[in-house]
Ligand SMILES: NC(=O)c1ccc[n+]([C@@H]2O[C@H](COP(=O)([O-])OP(=O)(O)OC[C@H]3O[C@@H](n4cnc5c(N)ncnc54)[C@H](O)[C@@H]3O)[C@@H](O)[C@H]2O)c1
């Protein structure tokens, strides 16, 4: 008896899956989730701060019936990484056979996590934006880059406004899109970035109200994607529709956590869950003047679906892959 498991690198994944593939997989996986074909408990955070390690990581398990895969994503934020030239976020993935538990692959999850994060913004905007002409990104870091890189592939964007507390981060961000067919504007203030914008994304490491209610026009879509508070409470409370990607996770994390803790937001405040909108069970945007605020804290099944696709393609390609016999190797 043998039990072969693969070890798959970041570059191997990139050779077999494209950003457009990730966008399609994210939409399909949200649909499957809405249809009840995925089991995904809420993620669990291990905060290492009390032990003197400036970081945290999330354990994100799921089972995806249509792909016949079970597994887990381990992803964390490591505050000292940027000082060593490494991204703040680090991800690893493990795929198993759902019937036997046998390990199929251990994979670097960095590229997968970055692109599935960006793809969420693109697919959510495709379903919920009234207009896509003007996009504001608050948080010109790594995840902000992937959000724009995915959104520009499927949305017709004319102007991108870049906001960040760091002018150097804004400059670097603008330089990375030097050849883009849209206008890029580096904004001194979040207010200047938000007023009149069609789509606003917050994707920062901040824990403060970056977007305020009076700055957001009727019909705008606001997507909060950072791990902590990113908007004023009144923006959320005055939204025509408040949505999220996963109720079990979304009420206890990200932008909504503090409002839930104070009793300002409850499960009843949620107009619809995005996975139900994508699979056609719930209404999304109903008219062009609605202000929709959605929190996207990220679902591990998205990573697992991309990873399973990469794994199958790598095996089918015949490309050499490192394997270990987990019983006898
Ligand atoms: N929703 C998801 O699926 C998902 C996935 C991965 C990461 N994240 C979260 O996204 C956030 C950003 O991660 P990253 O990898 O891009 O980090 P990063 O360090 O690369 O970028 C963060 C950016 O936020 C900016 N920033 C910090 N405070 C600010 C403030 N007060 N105003 C404006 N800008 C500010 C920083 O200057 C930096 O440019 C983190 O909270 C991370 O946990 C979310």
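Roughly how far apart, in whole Å, are the Cα centres of region 38-67 and region 193-261? Between the Cα centre of region 38-67 and that of region 193-261, the gap is 22 Å. Between helix 167-176 and the chain there is an angle of about 60 degrees, using the helix long axis and the longest principal axis of the Cα atoms.
Among 15, 153, 83, the residue with the largest mean-square fluctuation in a Gaussian network model of the chain, with springs joining Cα atoms closer than 10 Å, is 83. When shorter helices are ignored and each DSSP H run of at least 4 residues is given -39500 (n - 2.57), the per-residue value for the chain at 222 nm works out to -9500 deg cm²/dmol.
Diagonalising the gyration tensor over the Cα atoms of the chain and scaling each eigenvalue by 5 before taking the square root yields semi-axes of 33, 22, 20 Å, largest first.
Roughly how tilted is helix 19-34, in degrees to the nearest 10 and between 0 and 90, from the longest Cα axis of the chain? So the helix axis and the longest Cα principal axis differ by about 90 degrees. A crude spin-label estimate for the pair residue 56 and residue 79, with each label 7 Å from Cα along the Cβ direction, gives 1.2 nm. Shape annotation for region 189-329: C-alpha extents along the principal axes are 62, 32, 31 Å, from largest to smallest.
Between the beta carbons of residue 166 and residue 11, assuming R0 = 45 Å, the FRET efficiency works out to 0.95 to the nearest 0.05. Based on C-alpha pairs under 8 angstrom that are at least 6 apart in sequence, region 124-299 has a relative contact order of 23 percent. Annotation: the antiparallel percentage among DSSP beta bridges lying fully within the chain is about 50. Over region 1-145, Cα pairs under 8 Å with separation of 6+ residues give a relative contact order of 23 percent. Set the Förster distance to 41 Å, then compute FRET efficiency between residue 238 and residue 279 from the Cβ-Cβ distance, nearest 0.05. Here the calculated transfer efficiency is 0.90.
A simple spin-label model places the labels of residue 20 and residue 319 1.8 nm from each other, with each point 7 Å out along Cα-to-Cβ. Using 0.36 nm per residue and subtracting the Cα-Cα separation, the extra length available between residue 262 and residue 100 on full extension is 53.9 nm. Residues considered: 200, 154, 72. Largest GNM mean-square fluctuation over the chain, using C-alpha springs under 10 Å, is found at 154.
Can you tell me, using C-alpha contacts under 8 Å and at least 6 residues apart, the relative contact order of the chain as a whole percent? Over the chain, the number comes to 22 percent. Working from Cα positions, state the angle (0 to 90°, nearest 10) between the long axis of helix 300-317 and the longest principal axis of the chain. The answer is roughly 50 degrees. With 0.36 nm allotted per residue and the present C-alpha distance subtracted, the residue 68-residue 49 stretch has 3.2 nm of extension available.
Every number in this text was worked out from the coordinates using simple rules, so none of it is lab data. Here the structure is a predicted model, which is why all the values come from computation and not from measurement. So basically every Cβ, Gly included, is an ideal-geometry build from the backbone, and we count neighbours across all protein chains shown.
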